[in-house]
Every structure is written in C-alpha cells, then in structure tokens.
Amino acid sequence: MTTPRFLKPALSALALSMAMMGAAHAETLDVVTSFTVLGDVVKNVGGAHVTVRNLVPVNGDPHDYEPSPEDAKALKAAPVTFLSGEGLENWFDRLAKASGSTVPPVIVSEGIKTHEFEEDGQNVTDPHVWNSIPNVLIWVDNIEAALSKADPADAADFKANAASYKARLTALDAEIRAEIEAVPEAKRKVLTSHDAFGYFGQAYGITFLAPQGVSTETEASAADVAKMIDQIKADGVKTYFVENSNDPRLVKQIAAATGAEPGGELYPEALSDASGPAPSYEALMRYNAAQITKAISQ
C-alpha cells in the first residue's frame, strides 16, 4: 500500500521524534562510587542505565586511599555519588572540596544498625557493613531510591533489578548460613589481618581475631600483639588468613608465634580483578565463606 504524499512529512516527523526519544532514553547515568564492592552493587541495581566509576581500584584499601586529579574531575561531573559511610571513606571530604562538587553523596549505609565499640580509648563505628548480606539488602533499597530520583524514567527498571538482585542475595545468605552452621561452634574461630569481619562474624556465627582495628590506618602496639598471641593460644585458634587489600606481615608474624596455619586469602573490602576469585560482591561473599568454612572444618 502506498503512503499518501500528504502523510509522508508527518510520518517522517513522528519517526524522528521517536528516534530522539529513544536516544534520550538510552543515555546512562555516569555515577561515582567510593570502592569496588559498592560499585558492583550499584551496577546490579542500575543495570544498563548506569556507568560506574570506582574511586578505589580493585584490590585497593578503601581506608587509606589517595585520590587523583582524575577522581576530582569524575566527581565534579557525576550527577550521583555513592559512599558506604560510617567512617570508611575519611579521604572523601578532601576530594569533594578539591573537586568543587556541590552534590551531596548518597550514604548507602543509612538505616543499618552498626557496631559501636571502644578502640584505643575512642568510640568507633565498624564501617564494614557489607560483610553481612542483610545489610547489603538495605544498601540495595537506598541505591534504588537514589537512582530512581536521579532518573525517574527508568525507575521501573531499577525496581525490577533491585528485586531480582535481592532475591539472589537472600538465597546466598541462606546458603552461607547453612554452610557455616554445619561446622561445630567451638571450631569457628579464625585470625585475620584487621578487624573487618565483625558483621560477618555476628551474622554467621564466627569469632574473628585481628591485631589491627577496624581501620588499616591504625597500628598495633607491641603490647597489643603480645596480648593477641596469648588470646589466640588460649582460644585455640588454628587458622589465619591474609587479606587482598593490606599488608600480611603482622598477621604472619603472629601466626608464627602461635602455630596457626594459613587458610588462604580473604577479600574483606575490595573485589579482585576479573581473573580473580572475587570479581563481584556475590562472588566475594561466596568465596570468603567457602575459604573460612574449609579452614575451620579441618
């Protein structure tokens, strides 16, 4: 059927308008996240509608990071920036000031019940909330809300992505609990480099000992190390782990003094690269749980 000549201009205009709408809808949000674990969770919620730039790279320490001029440029241009908060990214305020950004970051850990305790005479908050999957379910809700506010046209997709991701995480949480509960409680004790697994321990029933506090910026004194050695011997801790994002020398020194055997490497606060065992948050949690369970089962 031949299109009447008088309709052709109108149809052409309609086609052009639809193409322009499609192009606009295809644009993505260029968001900034503070570190790789958070970046992966944002990607899962944002899907094809977001491009994520992590400030701290894979295998990097999110406590002790030195931002670059490129980071400042990315932050200045980003419509949305995500932080975990709770004292993790103490370097971020300097970066925000240097960048000239006036957009407040989204603190994804808002609403999480955090661990508060005394360390070196000061009250501190444990920032490693993501090592408990139920806490990351709260992250997902906060991320979905922030992305939907920044990009209302794609809110339905963000909601669907979040629901699918939360279902996978909930199943993984149950899998980890069953895996660890099969090990006698008396054997669920391990030594790690720094105190990054408090939420994991509380959620899944494992006792973690560490010579450093919640931040890798702290240093253990000789008295602290001696006390740790005595505690490890008294508690019968048989396994130690190094961490991908910080120096293993101190934990190895303590292990040598106590007879603890190496259990491998854990990923408490940074993803591995694509070729490593923890390139995503789901892979990180599954891998850490498997490594720990294998070590304490022996």
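Key figures
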{"read-out": "Meets criteria (of a type outside the set (S, T, N, Q) and assigned to a helix (DSSP H, G or I)) for Glu265", "value": "no"}
{"read-out": "Yes/no for Phe82 being buried (at least 20 other Cβ atoms within 10 Å of the Cβ), on the phi < 0 side of the Ramachandran plot and in a strand (DSSP E or B)", "value": "yes"}
{"read-out": "So Val103, is it farther than 30 Å from Glu175 by Cβ, in a loop (DSSP other than H, G, I, E, B) and not hydroxyl-bearing (Ser, Thr, Tyr)", "value": "yes"}
{"read-out": "Pair list, Cβ under 9 Å, 6 or more apart: the stretch 280-298 residue at pLDDT below 95, other residue surrounded by fewer than 23 Cβ atoms within 10 Å (Cβ to Cβ) and hydrophobic (A, V, I, L, M, F, W, C)", "value": "Ile296/Ile180; Ile296/Val183; Ile296/Ile206; Ser297/Ala182; Ser297/Val183"}
{"read-out": "Pick from the stretch 231-279, criterion touching a residue at least 12 places away in the same chain (Cβ under 8 Å) and among the basic types (Lys, Arg), ranking: nearest to Ser132 (Cα to Cα)", "value": "Lys238"}
{"read-out": "Residues of the stretch 268-294 classified as surrounded by fewer than 21 Cβ atoms within 10 Å (Cβ to Cβ) and either outside any helix (DSSP H, G or I) or among the basic types (Lys, Arg) (or both), total", "value": "10"}
{"read-out": "Selection count, the stretch 227-252, where residues are assigned to a helix (DSSP H, G or I) and either surrounded by 13 or more Cβ atoms within 10 Å (Cβ to Cβ) or outside the structural domain of Leu271 (by TED's automatic domain parsing) (or both)", "value": "10"}
{"read-out": "Options Val80, Val108; residue that is in contact with a Gly (Cβ under 9 Å, 6 or more places away or on another chain), closer than 29 Å to Glu27 by Cβ and among the β-branched types (Val, Ile, Thr)", "value": "Val108"}
{"read-out": "Some residue of the stretch 142-159 being more than 17 Å from the chain's Cα centre (by Cα), within 30 Å of Ala77 (Cα to Cα), of a type in the set (D, E, K, R) and crowded, with 19+ Cβ neighbours inside 10 Å", "value": "yes"}
{"read-out": "The stretch 106-135: number of residues that are in a loop (DSSP other than H, G, I, E, B) and either surrounded by 21 or more Cβ atoms within 10 Å (Cβ to Cβ) or out of contact with any Asp or Glu (no Cβ under 7 Å at 6 or more places or on another chain) (or both)", "value": "12"}
{"read-out": "The stretch 27-45, subset part of a loop (DSSP other than H, G, I, E, B) and out of contact with any Pro (no Cβ under 9 Å at 6 or more places or on another chain), residue farthest from Lys166 (Cα to Cα)", "value": "Glu27"}
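The values are calculated or read from the model by the stated rules, or taken from the named source; none is laboratory data. All of these numbers come straight from a predicted model, not from anything done at the bench. Methodologically, a virtual Cβ is constructed for each residue, glycine included, from the backbone with ideal geometry; neighbour enumeration extends over all protein chains shown.
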